[in-house]
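Structure record follows, encoded as structure tokens.
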Amino acid sequence: MSTEEYVHIPSRGSEGLDEAPSAVFAVQAGISPRLYNNDLAPTTREGRKWSSYSIFALWANDVHSLGNYVWAIGLFSLGMSGGAILGSLAFGALFLFLLLTLSGFMGEKTGVPFPVMSRISFGIHGAQIPALLRGGVAIAWFGIQTYLASQVLQVVVIALIPGATSLQEGSFLGLSALGWITFLVLWVVQSIIVSYGMEMIRKYEAFAGPVILATFVALAVWVLVQADFQISWSNDEPLTGGDLWLHMLGGASAWVAIYGTFVLNFCDFTRGAQSKKAIIKGNFWGIPINMLFFGCIVVVLAGGSFTVNGQAITSPADVVAAIPNTLLLVLASLALIVLTIAVNLMANFVAPTYALTNLFPKRLNFRKAALLSAVIGLVILPWNLYNSPVVIGIFLNGLGALLGPLFGIIMVDYWLLRKQQVNIPDLYSEHVTGEYYYRRGFNPRAIISLIISGAIALLLTFVPAFQVVSQFSWFLAAGLGAIVYAVLADRRRAFHDVPAGDIAVTPAH
């Protein structure tokens, strides 16, 4: 028997050993080394540490990202009143609470990351398609978010060392010397954090959450004081009637689309959740409650600045830049950097790390894959991507058009067809009789569904004639994927619910 037929799994007390041996033992149970390593393995129940607060902290950071504030404040500039903005966010939050809770339950039940979860619908090898689509978009945004944070760090450096302004002169590959220094500093910091695995990410998010919430409350109070506690609830040209409702529903849809990637791979985090109750509680406080709090901050920042200056700011960074006290400016800027790192880790670093681990499980573990993701995020020179409106437009719109169908297909397969029945050991088996082998490891029905629904969604998103519905692209794409797969899926297959058993591992980091 060759070594290719074995996979190594750490020994545990279930073997009847008083102490785990220093070596590893080989288990032949149809588990393929091309599909399994310790980071892709299902997690044991006793090894899960993500509490309701851990999950809440994810949203406390991600919801309050600078990008979200820029988008939401833009609604005010488009003519939406403060009440309409809150209503739009409330609609979106209710949808997200439902979608993310359903997605999170999948991770809690199986204990597997998104690339492995995708094997259920797309096959053991076909799962590379959704994993790489999700990971590819995330790597690009990791670089872009790091670049945006580096610009805030430049403000801090210049405030502390005015002479550093000279380092902003000149350019190499699109960045000044100071730009390179600040970008690489933040790139290294994030690489170090993620190299310690999901547990370090959990701890960082738990630390950053309260810092971020306190910072934005302070910024809102600052703006209120500047505006003598008088805020404008709309600009000089407010929307009314049907246009207002269309923008409200469009805003709600866009809010969901912003999280269209995260609803896919939320199981990367909830595979470490202590219980379904922890997911519900963390999501409740982190999504509808926290998002309405976010909306209130948006209304204060936009309406207050409009009262003071006659026009709304474009970002909270504008408020920070206007702080006259150097110490307060530095502290606020550092808080925004802490926020951007937190958002980047959860939204843009974990997904490509698991995608690369899934691609080369025999050569890459979580740490190596994380460092490789960081390197890719650097060499693509993300600031050039960000400065291209065409590229940004493709990424943002493609977000809903290509990733929406994936969500629809996976959710219909898991909840409606299989009714939560998952044969976890077979997720790691290449045997032809394996439940997820399909045809040579690919499920053609899921792939065809993705091609059909993705093509239609792309047309709806990018063809000018369909511009009126483009803002609803994520819902349309997800719905198309769900419907097409529901029609094409093979209902003659037998589904089995088999727990992970001895192949589950306690996370090492």
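The values are calculated or read from the model by the stated rules, or taken from the named source; none is laboratory data. Remember, predicted model here, so these are calculated numbers, not experimental data. Positions of Cβ are backbone-derived with ideal geometry, glycine not excepted, and every protein chain shown enters the neighbour counts. For accessibility, only protein heavy atoms count, side chains too; no ligands or nucleic acids. Shrake-Rupley method; radii C 1.70, N 1.55, O 1.52, S 1.80 Å.
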For segment 307-339, what are the residues that are closer than 18 Å to His64 by Cα, of a type outside the set (A, V, I, L, M) and open to solvent by 10 Å² or more (accessible area, probe 1.4 Å)?
Thr314, Ser315, Asp318
Filter result (among the aliphatic types (A, V, I, L, M), within 19 Å of Ile380 (Cα to Cα) and not in a helix (DSSP H, G or I)) within segment 148-185:
Leu173, Leu175
Test result for Ser88, crowded, with 23+ Cβ neighbours inside 10 Å and either modelled with pLDDT of 95 or more or outside any helix (DSSP H, G or I) (or both)
no
Counting just the residues of segment 175-212 that are under 16 Å from Asn348 (Cα atoms) and among the small types (Gly, Ala, Ser), which one comes out surrounded by the fewest Cβ atoms within 10 Å (Cβ to Cβ)?
Ser195
Quick check on Phe97: is it touching a Pro at 6+ places or on another chain (Cβ under 6 Å) and either open to solvent by 10 Å² or more (accessible area, probe 1.4 Å) or among the aromatic types (Phe, Trp, Tyr) (or both)?
yes
Tell me, yes or no, whether segment 493-505 has at least one residue that is open to solvent by 30 Å² or more (accessible area, probe 1.4 Å) and within 18 Å of Gly250 (Cα to Cα).
no
Of the conditions (1) open to solvent by 10 Å² or more (accessible area, probe 1.4 Å); (2) modelled with pLDDT of 90 or more, the single one that Ile55 does not satisfy is (1)
Looking at segment 472-482, can you tell me whether even one residue there is surrounded by fewer than 22 Cβ atoms within 10 Å (Cβ to Cβ), out of contact with any Lys or Arg (no Cβ under 6 Å at 6 or more places or on another chain) and at pLDDT 95 or above?
no
Taking segment 307-321, which residues are assigned to a helix (DSSP H, G or I) and out of contact with any helix residue (DSSP H, G or I) (no Cβ under 6 Å at 6 or more places or on another chain)?
Thr307, Asn309, Ala317, Asp318, Ala321
Positions within segment 135-174 being touching a Phe, Trp or Tyr at 6+ places or on another chain (Cβ under 7 Å) and either crowded, with 21+ Cβ neighbours inside 10 Å or closer than 30 Å to Thr357 by Cβ (or both), in sequence order:
Val137, Ala140, Phe142, Ile144, Thr146, Tyr147, Ser150
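Say we look at segment 100-131 and pick out the residues that are of a type in the set (S, T, N, Q) and open to solvent by 10 Å² or more (accessible area, probe 1.4 Å); which of these is farthest from Lys277 (Cα to Cα)? Can you show your working first?
Within segment 100-131, the first condition is being of a type in the set (S, T, N, Q), and the residues that meet it are 101, 103, 110, 118, 121, 128.
Pick out the ones that are also open to solvent by 10 Å² or more (accessible area, probe 1.4 Å) and you get 101, 128.
Details: Thr101: 10, Gln128: 31 Å.
Among them, the one singled out is Gln128.
Residues that are on the phi < 0 side of the Ramachandran plot and touching an Asp or Glu at 6+ places or on another chain (Cβ under 9 Å): does segment 208-230 have at least one? Step through it out loud before you land on a result.
First pass over segment 208-230, keeping only residues on the phi < 0 side of the Ramachandran plot: 208-227, 230.
Then drop every residue that is not touching an Asp or Glu at 6+ places or on another chain (Cβ under 9 Å), which leaves none.
No, there is no match, as no residue in segment 208-230 is on the phi < 0 side of the Ramachandran plot and touching an Asp or Glu at 6+ places or on another chain (Cβ under 9 Å).
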Consider Ser453 carefully, then state whether it is of a type in the set (S, T, N, Q), touching a Pro at 6+ places or on another chain (Cβ under 6 Å) and either within 14 Å of Ser121 (Cβ to Cβ) or touching a residue at least 40 places away in the same chain (Cβ under 8 Å) (or both).
yes
Residue by residue through segment 406-420, note down the ones that are open to solvent by less than 20 Å² (accessible area, probe 1.4 Å), over 20 Å from Gly135 (Cβ atoms) and assigned to a helix (DSSP H, G or I).
Val412, Asp413, Tyr414
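Answer yes or no as to whether Leu345 is open to solvent by 10 Å² or more (accessible area, probe 1.4 Å) and in a helix (DSSP H, G or I). If you could, list the steps in order and put the result at the bottom.
Details: open to solvent by 10 Å² or more (accessible area, probe 1.4 Å): no; in a helix (DSSP H, G or I): yes.
No: the conditions fail for Leu345.
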So which of Thr43, Thr3 ends up being over 22 Å from Gly104 (Cα atoms) and either surrounded by fewer than 23 Cβ atoms within 10 Å (Cβ to Cβ) or at pLDDT 85 or above (or both)?
Thr3
